[in-house]
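**Q** Pasting in a structure now, in structure tokens, and then I'll have a few things to ask.
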2 protein chains.
Amino acid sequence: MTKIKQNTLFVGTLAKGLRILRAFDETHTDLSLTELSAITGLDKSAVQRLAHTLHLEGMLDKDPTTRRYSPSHGWLRLAYAYYWSDPLIARAMPKLIDLSQRLGETVNLAQLSGQKIIYTNRLPGTRTTFAATLPGRTVPALCTSAGQAILATFPPQERAAAIETWPLERYTPQTTMDRATIAEEIDRAAQIGHSISHDQLILNEVGIACAIRGPDGRAWSAVHCSVSSHHWNDDRIRAEILPWLHDTANAIPPSHERTSAPHHIGLKA
Amino acid sequence: MTKIKQNTLFVGTLAKGLRILRAFDETHTDLSLTELSAITGLDKSAVQRLAHTLHLEGMLDKDPTTRRYSPSHGWLRLAYAYYWSDPLIARAMPKLIDLSQRLGETVNLAQLSGQKIIYTNRLPGTRTTFAATLPGRTVPALCTSAGQAILATFPPQERAAAIETWPLERYTPQTTMDRATIAEEIDRAAQIGHSISHDQLILNEVGIACAIRGPDGRAWSAVHCSVSSHHWNDDRIRAEILPWLHDTANAIPPSHERTSAPHHIGLKA
DNA sequence: GCCAAGTTATCATATAGTAATAACTTAAAT
DNA sequence: ATTTAAGTTATTACTATATGATAACTTGGC
């Protein structure tokens, strides 16, 4: 067994249990003991005991016939507790609903989470992909209009560091993988106060984002709108979406308490 | 320290860690070490080590000035993994979106989770309460139209047992606390194929639910719609909502694999 | 019907979590 | 300002608890 940390305050058993939970994702929707063992790198016995415990505690479902484990409703209950804990959600939600009704298009609340964007709340319109309807999805911040709109509010040197080092991932043939281009996009976003991206995560998808700025001008979150380029050209977007998007973002008072970066230790990548 | 279980496969440390996670809810959005200790019943030292570990692993945020812990984005990432693992979600989501656009009102996907209903996906319209916009919320099954619509598909003796023993909770002065009345409601739902409830969770809220039946006729989930009684009388609901609601529920093929009850051990209450 | 792969159960051992205590920090009170 | 209390971090000796190897038992594939 690989020692994880030589700290007396660190409870390795708990960390191992969390590894089991995190073994599940888009492609691993249900796992057997041996698969869990392979993915987590934990030995069979440990996985057996930990998975069994998680099952008893209601944090893993177990198919009685296939003996395969899968995420339980308990995972959604945790999400529910999260929503109450984040003061931004309650402030933003009503305005987001208004916006989605007005536009009739997909509207999201996006937050910076480490070096990624997490869509915390989603109000999907028609013509969206499945993944785009699910809260909790994360994508590299640099790849998204929301991430760019947020980074545009950062002081120059932090912005530069992020553009240089934060991860990129290719989702479509058109995904921008060139950091210089991304730097330009973010510069432009800083000028005009919003960011528009094309074909980054899905082909023919246009992402439009406007940062939610704090009193210091800095943002950790953004209002995001996603439309199809088949139905919306740039002129129409400028005329019929941007004004409302700006209004919405400006109408949401950010979590004023937070003056420094959120500390998402362990949520690297 | 209270012994939790005398099973060699049970990892008490992990269970304690989960207790910490579950200490957070609507009213406990951020907690100090001492508060965590009080709520979980774990001693100070244990809470210190477990919370510290969860923080390092990215499953708890910690405010550096107040030293208070709160749920992290990691909780939403788990929810995201859950959504992929439940095959019903992908089948239902597109139809729910269509329905919400057509009705212009709040639409939910509700599932039976132990003796409660959990709203797994929500497409809120205007005029909803904050809690009603959040996925992962649970309420006693007997209190909701969705729960009643689902129970109406159960065989008589199981239905009766549920009506007798499952929990009730008062949310409004009008919340039905009489089990005989609930039995009648469920009987009616079995006749007409849907359930309508008034003022159960919020005053002036009408809940309308239609079960998603499996090949055996039994349901574990429901499509749910919530409207304001100020804007919708029973006639209009019957004419303008019910037909679409039925169509939607019937158009969603349920998770055919599952033939017996989901086994949500530990999610009692 | 057999074999391979995977899952459950058992158990001696020492590692790894425990709980008590002490050192330190912050906020409140006088 | 100074003191006090409450709460948080750090340390340590101890032993309860998780470990991992192995064995018994299922299940499904051929």
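The values are calculated or read from the model by the stated rules, or taken from the named source; none is laboratory data. Values in this document were obtained by computation on a predicted structure and should not be read as measured data. All Cβ positions, even for glycine, are placed from backbone atoms using ideal geometry, and neighbour counts span all protein chains on display. Just the protein is used for accessible areas: all its heavy atoms, side chains included, with ligands, DNA and RNA removed. Shrake-Rupley method; radii C 1.70, N 1.55, O 1.52, S 1.80 Å.
**Q** How large is the charge dipole for segment A:83-251, taken about the Cα centre, if only the Cβ atoms of Lys, Arg (+1) and Asp, Glu (-1) carry charge, to the nearest 20 debye?
**A** Working: 15 positive and 17 negative charges, 79 e Å.
The dipole of segment A:83-251 has a size of about 380 debye.
**Q** Could I ask something else about it? Say R0 is 35 Å: what FRET efficiency, to the nearest 0.05, do A:Glu169 and B:Ala251 get from their beta-carbon distance?
**A** 0.50
**Q** How far apart, in nm, are the 7 Å Cα→Cβ label points at B:Ser45 and B:Ala160?
**A** 5.5
**Q** Now for a different question. Relative to the other copies, what are the label-point distances for B:Gln191, with labels 7 Å from Cα along the C-beta vector, expressed in nm at one decimal and sorted shortest first?
**A** In ascending order, 6.9 nm.
**Q** Toward the positive end of the charge dipole of the protein assembly as shown, about the Cα centre and with charges on Cβ (Lys, Arg +1; Asp, Glu -1), which of A:Ala131, B:Trp166, B:Ile237 goes farthest?
**A** Value computed over the given set: B:Trp166.
**Q** Using the Cα centre of the protein assembly as shown as origin and beta-carbon charges of +1 (Lys, Arg) and -1 (Asp, Glu), tell me which of B:Thr27, A:Ser100, A:Ile252 is placed farthest towards the positive end of the dipole.
**A** Of the options given, the answer is B:Thr27.
**Q** Next question. Helix-only estimate, please: 222 nm mean residue ellipticity of chain B, summing -39500 (n - 2.57) across DSSP H runs of length 4 or more and dividing by its residues, to the nearest 500.
**A** It lands at -12000 deg cm²/dmol.
**Q** Select from A:Gln148, A:Tyr83, A:Thr120 the residue farthest towards the positive end of the dipole of segment A:83-251; place +1 on Cβ of Lys and Arg, -1 on Cβ of Asp and Glu, and compute about the Cα centre.
**A** Checking the options against the dipole of segment A:83-251, the answer is A:Tyr83.
**Q** Per residue, how much accessible area does the protein assembly as shown have with a 1.4 Å probe, in Å²?
**A** I get 42 Å² per residue for this part.
**Q** With charges set only on the Cβ (+1 for Lys and Arg, -1 for Asp and Glu), what does the dipole of segment A:12-72 come to about its Cα centre, in debye to the nearest 20?
**A** 260
**Q** Further, regarding this structure: When a/c is below 1.5 the answer is rounded, else prolate if a/b is larger than b/c, else oblate, so apply that to segment A:80-123 with a ≥ b ≥ c taken from the square roots of the Cα gyration tensor eigenvalues.
**A** The shape class here is oblate.
**Q** How many nm is it between the label spots at A:Glu184 and B:Thr65, if each spot is 7 Å from the Cα in line with the beta carbon?
**A** For the pair A:Glu184/B:Thr65, the computed spacing is 4.1 nm.
**Q** Determine the shape class of the protein assembly as shown: with a ≥ b ≥ c the square roots of the Cα gyration tensor eigenvalues, call it rounded for a/c under 1.5, and otherwise prolate if a/b is greater than b/c, oblate otherwise.
**A** It is oblate, given that a/c is not under 1.5 and a/b is not larger than b/c.
**Q** Suppose accessible area is computed on protein heavy atoms with a 1.4 Å probe; arrange A:Ile252, B:Ile39 from highest to lowest. It would help to have the intermediate numbers written out before the result.
**A** Values: A:Ile252 5, B:Ile39 75 Å².
Result, largest first: B:Ile39, A:Ile252.
**Q** Amide H to amide H, which residues 5 or more places from B:Arg127 or on other chains are under 5 Å from it, using H placed in the peptide plane?
**A** Hits under the 5 Å cutoff: none.
**Q** So if I take the centroid of the Cα atoms in segment B:117-158 and the same for segment A:201-230, what is the distance between those two points in Å?
**A** Spelled out, the Cα-based centre of one part sits 32 Å from the other.
**Q** Okay, moving on. Would you work out what percent of the accessible area of segment B:12-72, with all protein chains in place, is carbon or sulfur (probe 1.4 Å)?
**A** Roughly 47 percent, rounded to a whole number.
**Q** Next up: Once you keep just the Cα pairs under 8 angstrom separated by 6 or more residues, what percentage relative contact order results for segment B:83-251?
**A** Relative contact order comes out at 22 percent.
**Q** Spin-label point model (7 Å from Cα, Cβ direction): what's the B:Thr126 to A:Arg236 distance in nm?
**A** Between B:Thr126 and A:Arg236, the label points sit 2.3 nm apart.
**Q** Continuing with the same structure: Shape verdict for segment B:83-251, please, from the Cα gyration tensor: rounded (a/c under 1.5), prolate (a/b greater than b/c) or oblate. Intermediate results must be reported in sequence, preceding the final value.
**A** Details: a/c = 1.36, a/b = 1.13, b/c = 1.21.
Rounded.
**Q** 7 Å along Cα→Cβ for the label point: how many nanometres lie between B:Ala239 and each equivalent label in the other copies, listed shortest first?
**A** Spelled out, the distances from B:Ala239's label point are 3.7 nm.
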